[in-house]
1. So if I check each of 113, 106, 96, which one is among the small types (Gly, Ala, Ser), under 18 Å from residue 401 (Cα atoms) and in contact (Cβ under 8 Å) with a residue 24 or more places away in the chain?
2. Scan segment 410-421 residue by residue and report those that are surrounded by fewer than 19 Cβ atoms within 10 Å (Cβ to Cβ) and part of a helix (DSSP H, G or I).
3. Determine, yes or no, whether residue 430 is more than 19 Å from residue 350 (Cα to Cα), in contact (Cβ under 8 Å) with a residue 40 or more places away in the chain and part of a helix (DSSP H, G or I).
4. Given the criterion over 24 Å from the mean Cα position of the chain (by Cα) and of a type in the set (Phe, Trp, Tyr), identify the matching residue among 368, 348, 316.
5. Pick from segment 40-83 the residues that are free of Cβ contacts under 8 Å to residues at least 40 places away in the same chain and within 30 Å of residue 413 (Cα to Cα): which of them is most open to solvent (accessible area, probe 1.4 Å)?
6. Quick test for you: out of 319, 350, 326, pick the one residue that is out of contact with any Gly (no Cβ under 7 Å at 6 or more places or on another chain), within 16 Å of residue 287 (Cα to Cα), touching a residue at least 40 places away in the same chain (Cβ under 8 Å) and of a type outside the set (Lys, Arg).
7. Taking residue 185 and the conditions (1) among the β-branched types (Val, Ile, Thr); (2) modelled with pLDDT under 55; (3) under 17 Å from residue 60 (Cβ atoms), which numbered condition does it fall short on, given that it satisfies the others?
8. Residues in segment 435-448 that are β-branched (Val, Ile, Thr) and buried (at least 21 other Cβ atoms within 10 Å of the Cβ): how many?
Amino acid sequence: MMGLMASDETRTDTRTETRTETRAMRQTETTRSSTGTRAWTPWMTRLLVLGIVLAAVNLRPAITSLGALLEEVRDGLGMSGSVAGLLTSVPPLCFAVFGVAAPRLARRFGPGAVVFGGMVAITAGLLIRPYAGGTAGFLAATALALMGIALSNVLMPVIVKRFFPDRVGSMTGLYSMALAFGTSIAAAATVPVTNALGGHWQPGLAVWAVPGAAAALAWIPFVRARKASVSAESAGSAGSDDRRADADGRRAEQPPLRITRSRTAWALAVFFGLQATAAYITMGWMAQIFRDAGVSAGTAGLLLAVIMVMGVPLAFVIPRVATRLPHQGPIVVVLGVCGLAGYAGLYFAPAGGAWVWALLLGVSNCAFPLALTMVGMRARTGAGVAQLSAFAQSTGYLISIPGPLLVGVLYQHSGGWGLPIALMSALMVPQIVVGVLAGRDRTVEDEAVR
């Protein structure tokens, strides 16, 4: 009897060791196939972290550097206020159009190759657009750079989750900090760099192609990672057969979602779109608002940088607070009130309290990390989160397209910033309303199951 028990224990240990070895072998093969190299080494990990940081730094300078020199660009190209408004509407349009293609391109070529291509597109677009020779060429080169941003913007969080599954929080924080840093440094440094390069706006804009080239170089080793997404998923599911069977059973039992039937999904999509509208109006026009109020070009760029840099610390604080609350409506209200106060200050005393208004608008612009946090909280399953994220972001970016354009039209035809600021304030009211609705403690699965 004791012999039989010892034999059973031996067989059990053997099966356990075999499963462990098999899992390790699967993970090793996954790493090899996903990187396109013989083995994943520590220096490759460090290089990937560097690549993620450099890519994130390049995801906003194409927008904020243009905002700091928009007046010079308009004068140099003979651009009307309406066309300038169209230019500030191009980013969300490109994000909505090209971002949809990112998952399909990643499945075909690999996420590393797509991000590398995105960095190349950013570099080429920023290098070409100041010397394109006219408004049409300037818009086309800007669209090229924004296409690269859109593709990378969608895939960077995916890469973080695939390659750093046990450090998603810290890597996302690092990625967010780098993105906010790139956004703010381009706003603050564009005018001084332009002056140092002779005062011409062309080299002042073209210089931002240099960080893009550096990021492209960092991603070259990962171009062959054609199956990183599939392989990483395989590594994550390389557990026991019983766990996979249970997971397959649960997936089979889940009915398909009709995401458009969910009121929460629509509220979150509209909230995402309205906060994106405010963000792109800010990046495209805020420096010009301060300049027209008598603030110098360099100081206006610094004020825009202050608005953008507020996202660095608050991107860590707001999601943590939001996840501890059953209802995120109070945070939405606080951010909205800060926005209304900032717009009121711009209307009545744009130059006198410029730094205060910049701080308030910086807080208000942190609705973006709150929106991303609510996407993860409003769905129970991974499939639901992915479906909700795609719907909210694609719909939201489409909603945000007319805002910057309408601001440019109002500015041109009214001859001042009174009506545009009134429009910004008016949009903040529905943003608060739909944000409160989106923050209710419920999930899209409960509303959208067929």
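1. On the way: 113 fails: under 18 Å from residue 401 (Cα atoms); 106 fails: under 18 Å from residue 401 (Cα atoms).
Testing whether each residue is among the small types (Gly, Ala, Ser), under 18 Å from residue 401 (Cα atoms) and in contact (Cβ under 8 Å) with a residue 24 or more places away in the chain leaves just 96.
2. Residues of segment 410-421 that are surrounded by fewer than 19 Cβ atoms within 10 Å (Cβ to Cβ), as a first pass: 412-416, 418-419.
If the condition is that a residue be surrounded by fewer than 19 Cβ atoms within 10 Å (Cβ to Cβ) and part of a helix (DSSP H, G or I), then 412, 413, 414, 418, 419 are the ones that fit.
3. Numbers: more than 19 Å from residue 350 (Cα to Cα): yes; in contact (Cβ under 8 Å) with a residue 40 or more places away in the chain: yes; part of a helix (DSSP H, G or I): yes.
Considered against the rule, which asks whether it is more than 19 Å from residue 350 (Cα to Cα), in contact (Cβ under 8 Å) with a residue 40 or more places away in the chain and part of a helix (DSSP H, G or I), residue 430 comes out as yes.
4. Working: 368 fails: over 24 Å from the mean Cα position of the chain (by Cα); 316 fails: over 24 Å from the mean Cα position of the chain (by Cα).
Residue meeting the stated conditions: 348.
5. Taking the candidates together, the pick is 75.
6. One residue alone meets the criteria, 350.
7. Failing condition for residue 185: (2).
8. Filtering segment 435-448 for residues β-branched (Val, Ile, Thr) gives 436, 443-444.
Narrowing further to those that are buried (at least 21 other Cβ atoms within 10 Å of the Cβ): 444.
Selection size over segment 435-448: 1.
The values are calculated or read from the model by the stated rules, or taken from the named source; none is laboratory data. Since the structure is predicted, the reported quantities are computational estimates derived from the model, not experimental observations. With ideal geometry, Cβ positions are generated from the backbone for all residues, glycine too; neighbour counts draw on all protein chains shown. In case anyone asks, the SASA skips ligands and DNA or RNA and just uses the protein heavy atoms, side chains included. Shrake-Rupley method; radii C 1.70, N 1.55, O 1.52, S 1.80 Å.
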